[in-house]
Amino acid sequence: MSYTAKIKEEIVDENLPKNDEHYFLTSFIKYASRFSNDSLTLTFENPKIARIMYNLINKVYVIKPQITIRIQKRFRTKQIYILSIRNGINRIIDDCNIKIKNGKLINEDIDLKKDSEKKSYIKGTFLATGSVSDPNTSGYHMEFVFNTKKTSDFISNILHEFNINSKVIKRSTKYMVYVKASEEISDMLKIFEANQSFFYFEDIRTKKDHINMVNRLNNCEQANLDKTINTGLKQIEDIKYLKENDLITLLDEKTQIIINYREKYPELSYQELSEVISMETSYHISKSGINHHFIKMRELMERHKNKSTAK
């Protein structure tokens, strides 16, 4: 079973607040139903969801849909469950704020006031049109797919009210509302009350964040190591220039100590070099002190080069 299918099973497993079952069912019918031959049809691949939605339609509208089971053999053999509604269809269409034009369903926005109504509506919407990528096998991505931009904007605005930063884009002939931030997908799973899927998602997200943090630290450590080695090699070149031009004796004794230790340990950082010098000599020096002496060495070399160029 896919990750999306598990979330949808959890959504229908939860007992919706009695007053808000209507909004859950309304959104599902609006976005999942098809109209043909004067009947509304709802198609399911999951028998559990089909059974629960059958019972919910019967409970809310006191209508028993006709059930048809078909065997689909495209790609792989599976059963398809179809609920057909003929009796009372006009009442359902009016209640869901749906219009029929030229044999097609036209969805109109519905007035939602309470947060509980909006959450139930979003649950039904996800059940009808939503999907979430498995965080263990791919990146973070949640989406809802609709026929019109108007509907997409309506759903996106509801998500924004719950601080979910969703975006709307056109994909082929459809419009997609999508969420990419892992924290916000996690918040959506809380709204769905899909607790098992939420904990699974959080566990994977925590592991990924830890791996990313370790990689960033390793990359940072490697970058610092490369910088330290390059700095040491450059200073060895500067020291060589000073020796070739008999300039070392122009530096004070402490700077000459620093130079001697840099030649012995070209790979050490300033901090490591200061610790070695402080342990092996009577000269206790800090990392900033090491840097100060190298600046003096560099300035002497630059002055000599400038004089040579002037001549």
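The values are calculated or read from the model by the stated rules, or taken from the named source; none is laboratory data. The structure displayed is predicted, hence computed values, not measured ones. FYI the Cβ positions are ideal-geometry reconstructions off the backbone, even for glycines, and counts take in every protein chain you see.
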Fill in the blank from the handout: Over region 274-290, the set of residues surrounded by 15 or more Cβ atoms within 10 Å (Cβ to Cβ) and either within 15 Å of residue 238 (Cβ to Cβ) or among the hydroxyl-bearing types (Ser, Thr, Tyr) (or both) is 274, 290
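Every residue in region 58-89 that is out of contact with any Asp or Glu (no Cβ under 9 Å at 6 or more places or on another chain) and of a type in the set (D, E, K, R), please.
Listed by number, the residues that qualify are 64, 70, 73, 74, 76.
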Completion exercise
For region 37-56 the number of residues that are farther than 12 Å from residue 87 by Cα and either touching a helix residue (DSSP H, G or I) at 6+ places or on another chain (Cβ under 7 Å) or in a helix (DSSP H, G or I) (or both) is 13
Practice task
Just need a number here: residues in region 225-259 that are within 52 Å of the chain's Cα centre (by Cα) and without any contact (Cβ under 8 Å) to a residue 40 or more places away in the chain.
Solution key: 13
Exercise for the section: For residue 86, indicate whether it is more than 25 Å from residue 145 (Cβ to Cβ), basic (Lys, Arg) and modelled with pLDDT under 85. Expected result: yes
Practice task
For residues that are closer than 30 Å to residue 120 by Cβ and surrounded by 11 or more Cβ atoms within 10 Å (Cβ to Cβ), tally how many sit in region 200-242.
Solution key: 6
Practice task
Mind counting the residues in region 156-186 that are in contact with a helix residue (DSSP H, G or I) (Cβ under 6 Å, 6 or more places away or on another chain) and closer than 14 Å to residue 31 by Cβ?
Solution key: 3
Completion exercise
Of the residues in region 196-253, those that are under 20 Å from residue 308 (Cα atoms) and outside the structural domain of residue 300 (by TED's automatic domain parsing) come to none
Practice task
Would you mention how many residues in region 155-176 are touching a residue at least 24 places away in the same chain (Cβ under 8 Å), touching a strand residue (DSSP E or B) at 6+ places or on another chain (Cβ under 9 Å) and not hydroxyl-bearing (Ser, Thr, Tyr)?
Solution key: 6
Exercise for the section: Identify, from the list 185, 191, 169, the residue that is over 18 Å from residue 118 (Cα atoms) and not acidic (Asp, Glu). Expected result: 169
